[in-house]
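Scroll down for the structure; my scribbles are underneath it.
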Amino acid sequence: MQDLFGRNQSDERPDQFDSPSADAPLADRLRPRTLEEFVGQYHLLGPKGDLSGGEKFLAAAFRARRPPSIIFWGPPGSGKTTLAHLIARATNCHFVFFSAVLSGVNEVRAIIKQAKQWSRAEGTDGRGTILFVDEIHRFNRSQQDAFLPHVEDGTIMLMGATTENPSFELTAPLLSRCRVVVLRPLERADLVTILRRALTDRERGLGAVAIDAAPELLEEIADWSEGDARRALNLLETAVTLCPEEKGRRLLTEAAVREVAQERLLIFDKDREEHYNVISAFIKSMRGSDPDAAVYWLARLLEAGEDPLFVTRRMVIFASEDVGNADPQALMVAVAALHAFQAVGWPEGWIPLSQAAIYLASAPKSNASYRAYGQAKAELKTSGTLPVPLHLRNAPTKLMAQEGYGKDYRYPHEFPGHITEQDYLPERLKGRRFYEPGDEGAERQTKE
């Protein structure tokens with residue numbers, strides 16, 4: 001039987017992933033065909049793919065007659081597509097691969113029609129259909145809603161893959177019908193295991209070519225890959241082609257690895273979750289008084305292309321919110337960094353920003369002034385607009401003076417130390433404290 005895309009569908013081979021062409025990229029050829037070949041994600045599958053662990057949700061999905069609808073959320077090369085494919089094989093379901101980038105709702109309708117035919121076809125024993133949607137976050141709300149009735153009535157088991165936070169990118173109705181499974185970047189040891197398999201597998205890998213690769217070079221490739229198995233295999237495959245063959249063997253060299261790796265790709269998208277993650281880490285490192293972490297996250301932001309003025313504005317806010325009067329100089333440093341960057345620009349503009357971030361991280365901390373405003377604001381909601389005490393009011397006219405405006409006001413500069421006791425809050429709030437200075441830095445003096 002063929003699907004609507006002309007692909008063979010048999011009980012033994014539910015889809016094209018089982019037999020990539022000989023000239024396909026190494027990462028495609030080496031895609032796991034069984035769960036035993038799958039490496040990583042042990043928090044979902046149990047140790048080394050041991051499906052006996054009933055507490056593991058994904059392990060249970062492999063054992064189910066009809067697996068649940070699942071959203072695989074994880075970084076590139078972590079196994080999202082492969083896991084969906086392996087579940088289809090284990091549960092004897094038809095597997096239809098669908099790209100949210102290349103296809104739309106019309107194609108979904110055609111797939112739903114064929115899924116209904118498959119479920120009624122003689123000899124299939126009502127085999128279910130897993131519709132795997134790659135980059136499902138690319139679908140808008142109405143496109144996502146098109147899946148709902150067919151997931152609800154069991155026509156399809158929807159499995160989607162996304163690198164973006166489903167909470168932000170997928171609709172609540174769709175999320176309520178699917179289980180979100182979070183995949184992690186692969187560990188270095190897992191990537192090295194995959195690379196070694198690529199070097200020894202004669203059928204699908206590079207085993208037909210004698211390749212000498214030092215363990216430390218495989219670890220270096222794993223480090224450059226940053227948890228992405230596909231990237232690791234692509235790096236290995238390209239590096240091997242740069243190594244000349246001598247006497248029937250190839251020697252993988254560090255120079256070849258560095259040549260293909262080039263510079264690391266900094267994962268950072270200004271419109272999506274990673275942007276907020278890095279900004280959050282930057283702010284929290286300064287708040288935690290860790291200048292090393294602060295300057296690291298600052299470099300992550302700037303080198304990935306973040307707007308430097310956005311970063312410096314965040315530092316200006318931080319100087320008042322988190323340092324406050326424990327070091328009043330901090331606000332001046334942050335504002336100076338903002339003006340300095342505007343005057344200098346790139347490529348040297350990072351220098352004053354680094355200085356400011358390290359200063360703010362090293363400064364004593366107090367959020368007393370920040371909290372004081374919040375408490376005053378809360379009081380406004382409770383007590384409303386209380387009248388200004390008469391002695392604090394100006395009396396520019398005779399009538400206002402007759403009404404008691406400004407009466408008994410004590411001018412502080414006429415008293416010793418330029419301070420005198422009098423009430424400045426409304427009568428109802430007499431004695432109320434909003435600002436409670438701390439014991440750090442200059443606020444200790446203010447408190448005294």
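The values are calculated or read from the model by the stated rules, or taken from the named source; none is laboratory data. Note that the structure is predicted; figures quoted are calculated from it, not measured. Reconstructed Cβ throughout: ideal geometry from the backbone, glycine too, with neighbour counts over all protein chains shown. The area values use the complete protein model at the heavy-atom level, side chains included, leaving out ligands, DNA and RNA. Shrake-Rupley method; radii C 1.70, N 1.55, O 1.52, S 1.80 Å.
Look through R188, R196, R177, R202 and report the one residue that is open to solvent by 70 Å² or more (accessible area, probe 1.4 Å) and without any contact (Cβ under 8 Å) to a residue 12 or more places away in the chain. Working first, answer last.
Details: R188 fails: without any contact (Cβ under 8 Å) to a residue 12 or more places away in the chain; R196 fails: without any contact (Cβ under 8 Å) to a residue 12 or more places away in the chain; R177 fails: without any contact (Cβ under 8 Å) to a residue 12 or more places away in the chain.
Unique residue meeting the criteria: R202.
Being open to solvent by 20 Å² or more (accessible area, probe 1.4 Å) and out of contact with any Lys or Arg (no Cβ under 8 Å at 6 or more places or on another chain) is the filter; apply it to region 50-63 and report the residue that is modelled with the lowest pLDDT.
In the first step, residues of region 50-63 are kept if they are open to solvent by 20 Å² or more (accessible area, probe 1.4 Å); the result is 50-52, 54-57, 60, 63.
Of the ones still in play, those that are also out of contact with any Lys or Arg (no Cβ under 8 Å at 6 or more places or on another chain) are 50, 52, 54-56, 60, 63.
Values: D50: 56, S52: 52, G54: 45, E55: 53, K56: 73, A60: 78, R63: 79.
Top of the filtered list is G54.
Condition test on I317, is it farther than 22 Å from R287 by Cβ and either without any contact (Cβ under 8 Å) to a residue 24 or more places away in the chain or outside any loop (DSSP other than H, G, I, E, B) (or both)? Steps first, please.
Values: farther than 22 Å from R287 by Cβ: no; either without any contact (Cβ under 8 Å) to a residue 24 or more places away in the chain or outside any loop (DSSP other than H, G, I, E, B) (or both): yes.
Here the answer is no, as I317 does not meet what is asked.
Taking region 337-355 as the region of interest, how many residues are in a helix (DSSP H, G or I) and surrounded by 15 or more Cβ atoms within 10 Å (Cβ to Cβ)? Please lay out each step first, then the result.
In the first step, residues of region 337-355 are kept if they are in a helix (DSSP H, G or I); the result is 337-344, 350-355.
Filter once more, keeping what is surrounded by 15 or more Cβ atoms within 10 Å (Cβ to Cβ): 337-338, 340-341, 350, 352-355.
So the answer is 9.
Please go through region 366-409 and pick out each residue that is among the charged types (D, E, K, R) and open to solvent by less than 40 Å² (accessible area, probe 1.4 Å). Talk me through it step by step, then tell me what you get.
As a first pass, look at region 366-409 and keep what is among the charged types (D, E, K, R): 371, 377, 379, 381, 393, 398, 403, 407-408.
Across region 366-409, the qualifying residue is only E379.
Taking interchain pairs and intrachain pairs at least six residues apart, which have beta carbon atoms under 7 angstrom, with the first residue in region 291-307 and within 15 Å of F341 (Cα to Cα) and the second assigned to a helix (DSSP H, G or I) and open to solvent by 40 Å² or more (accessible area, probe 1.4 Å)?
Pairs that qualify, where the first residue is within 15 Å of F341 (Cα to Cα) and the partner is assigned to a helix (DSSP H, G or I) and open to solvent by 40 Å² or more (accessible area, probe 1.4 Å), are L302/W350.
Restricting to region 206-247, name every residue that is over 20 Å from P25 (Cβ atoms) and in contact with a strand residue (DSSP E or B) (Cβ under 6 Å, 6 or more places away or on another chain).
Passing the criteria: A210, D212.
With touching a residue at least 24 places away in the same chain (Cβ under 8 Å) and of a type in the set (A, V, I, L, M) as the only criterion, which of A378, A356 stands out?
Working: A378 fails: touching a residue at least 24 places away in the same chain (Cβ under 8 Å).
Every option except A356 fails the conditions.
Name the residues in region 64-79 that are open to solvent by 20 Å² or more (accessible area, probe 1.4 Å) and more than 20 Å from S119 (Cα to Cα), would you?
Within region 64-79, W73, P75, P76 qualify.
Can you name the number of the only condition in (1) at pLDDT 90 or above; (2) under 30 Å from T200 (Cβ atoms); (3) in contact with a Lys or Arg (Cβ under 8 Å, 6 or more places away or on another chain) that C243 fails?
The failed condition is (1).
Out of (1) modelled with pLDDT of 85 or more; (2) surrounded by fewer than 14 Cβ atoms within 10 Å (Cβ to Cβ), what's the single condition that is false for Y424?
For Y424, the failing item is (1).
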